[in-house]
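Notes for the one structure printed next.
Since every read-out is calculated from the coordinates, none of them should be taken as a lab result. Please read all numbers here as calculations on a predicted model, not as lab measurements. Cβ placement follows ideal geometry from the backbone for every residue including glycine, while neighbour counts extend to all protein chains displayed.
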Amino acid sequence: MKIIAMGDKDTTIAFNLVGVESKEVDEENIRENFKSVCSDDSVGVLIMTQSIANSIREEIDLWKYHHNLPIIVEVPDKKGKLEIDPLARLIKKTIGIELGGI
Amino acid sequence: MAKIIEGIKPTRMELIALKRRRGIAQKGDKILSDKRDVLVSAFFERIKNREALRDSMLLTLEKAYESLIEAEMVIGEDRIRDIGEGMPRIGEIAVSESAIMGVEIPNIDTGSIEKPQLPNYNFTKTNSKLDDALVNVNKALVAIVKLAEIEGSVQRLAIEIERTRRRANMLEYVVIPNLEATIKWIEFQLEEREREDFLRRKRIKALLERRREES
């Protein structure tokens, strides 16, 4: 299955360098890009920068709840850190335990 | 509060059917809590590696960005993008699914991406920072894909644990108490009817005896 990266310019350059198909997106066109990548059955892992993911947080949460693939992994962009941990949030919501870390 | 199930007549047939349903519900409750135990242990087994993997992903990615930015300053963004286009594509990763208690858990084979891409660009026109960036992004990618496997399975498990718990609670706190309340109600009704019958029989007996004495 394919790996696809979505994010700002620097992120796409970085992942392009190692041969990962990369799409440069911004907050305007993220929705349609997200939809088209998710409805593609051949995508196994979707790498997204968190700053982009934050702008469509609800869609991502909904998608994750109902679908197995693609697995969405959020990475920091070049500016730095991850602010939220979506998996920890999901676990807190569903099972009610807190994970350490971010 | 347990409620008596509506639309059921207080008959012996219904009582037998209800008792059978209660048995099935209790068995179901037991199966669900066993399932939850298995899922929870699988969940913890997978989540314990996550923190370390996540940290290493963040670290290598940070390093990768750093060297990439330095390389961009010298070589230029557009050139690096062109070099990226020229690099061999990473190809496909093998994703298979195994099931734990009916929950599909992804397994990703990272073998195909673990060895770093060989640079095929011109060394005289680039610098070592680009090589560093290449190595680090590749390391980060491997960590990301490994993390994807863990996060994908943990996420599925978490959702399924919640569903299982909700269904077990439904049985435990709604279905079984309702069945029990209905069973109790029918038993009460049947006893009441029996007592009435008993009284009626006694009175008829007394009536008949009195009539015999009179005649």
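Derived scalar couplings between HN and Hα for the stretch B:78-93 equal 5, 4, 5, 4, 4, 4, x, 4, x, 6, x, 5, 6, x, 9, 9 Hz in order, rounded to whole Hz, by the Karplus curve 6.51 cos²θ - 1.76 cosθ + 1.60 (θ = phi - 60°), x for Gly and Pro.
Calculate the tail of P(r) for the stretch A:2-94: the fraction of all Cα-Cα distances greater than 18 Å, expressed in %. The answer is 40 percent, as a whole percent.
A full extension of the chain between B:Gln189 and B:Val174 corresponds to an added length of 3.2 nm, given 0.36 nm per residue minus the alpha carbon distance. With a 10 Å cut-off around each Cβ of B:55-67, the average count of Cβ atoms from other chains is 3.
Normalised by the number of residues in chain A, the mean separation of alpha-carbon contacts (under 8 Å, six or more apart) gives a relative contact order of 26 percent.
In this structure, A:Tyr65 and B:Glu92 have a Cβ-Cβ separation that, at R0 = 25 Å, corresponds to a calculated FRET efficiency of about 0.40. Above 19 angstrom, tally the Cα pairs of the stretch B:64-215 and express them as a % of all pairs, no decimals. Tail of the P(r) past 19 Å holds 74 percent of the pairs.
On full extension, the segment bounded by B:Ile204 and B:Glu85 gains 32.6 nm, given 0.36 nm per residue less the C-alpha separation. In terms of surrounding Cβ atoms within a 10 Å radius of their Cβ, B:Leu130, B:Leu32, A:Leu62 rank from fewest to most as A:Leu62, B:Leu32, B:Leu130. Compared with the dominant Cα axis of chain B, that is its longest principal axis, helix B:128-170 is turned about 0°. Between B:Arg212 and A:Asp8, the modelled label-to-label distance comes to 10.6 nm, taking each label 7 Å out from Cα in the direction of the beta carbon. The modelled label-to-label distance between B:Asp131 and B:Ile69, using points 7 Å beyond Cα along the C-beta direction, is 2.3 nm.
Counting every other Cβ atom within 10 Å of each residue's Cβ, A:Thr49, B:Thr110 order from fewest to most as B:Thr110, A:Thr49.
Output the pairs from A:Lys23/B:Lys129; A:Lys35/B:Lys139; B:Lys27/B:Lys184; A:Lys78/B:Lys129; A:Lys81/B:Lys48; A:Lys9/A:Lys93 with a Cα-Cα distance over 26 Å in this structure; if there are none, say none. Over 26 Å apart, Cα to Cα: A:Lys35/B:Lys139; A:Lys9/A:Lys93.
Summing charges over all other residues whose Cβ lies under 14 Å from the Cβ of B:Ile16, with Lys and Arg as +1 and Asp and Glu as -1, gives +4. For the stretch B:145-215, the extents of the C-alpha atoms along the principal axes are 102, 11, 6 Å, listed from largest to smallest. Entry for the protein assembly as shown at q = 0.07 Å⁻¹: log10 I(q)/I(0) = -0.44, Debye formula applied to identical alpha-carbon scatterers, no solvent contribution. Could you give log10 I(q)/I(0) at q = 0.17 Å⁻¹ for the stretch A:40-102, computed by the Debye formula over C-alpha point scatterers of equal weight, without solvent? Each listed q corresponds, in turn, to -0.64. For chain A, which longest stretch is free of loop sites, where a loop site is one of the GluC sites (Glu not before Pro) that DSSP puts outside H, G, I, E and B and that has at most 16 other Cβ atoms within 10 Å? Formally, the longest exposed-site-free interval is A:29-82.
Loop only by DSSP, 14 or fewer other Cβ within 10 Å of the Cβ. Give me the trypsin sites (Lys or Arg not before Pro) in the stretch B:70-115 that pass, ordered by residue number.
Values: sites: B:Arg79, B:Arg81, B:Arg89; in loops: B:Arg89.
Here the sparse-neighbourhood loop sites are B:Arg89.
Which one of B:Ala71, A:Val25, B:Ala181 has its Cα pushed farthest toward the positive end of the charge dipole of the protein assembly as shown, where Lys and Arg give +1 and Asp and Glu give -1 at the Cβ? Checking the options against the dipole of the protein assembly as shown, the answer is B:Ala181.
Return the single residue from B:Val74, B:Val142, B:Val154 with maximal mean-square fluctuation; model: Gaussian network over chain B, springs between Cα atoms under 10 Å. Judging by the Gaussian network model, the answer is B:Val74.
Assuming charge only on the beta carbon of Lys and Arg (+1) and of Asp and Glu (-1), the dipole of the stretch B:112-213 about its Cα centre is about 680 debye to the nearest 20.
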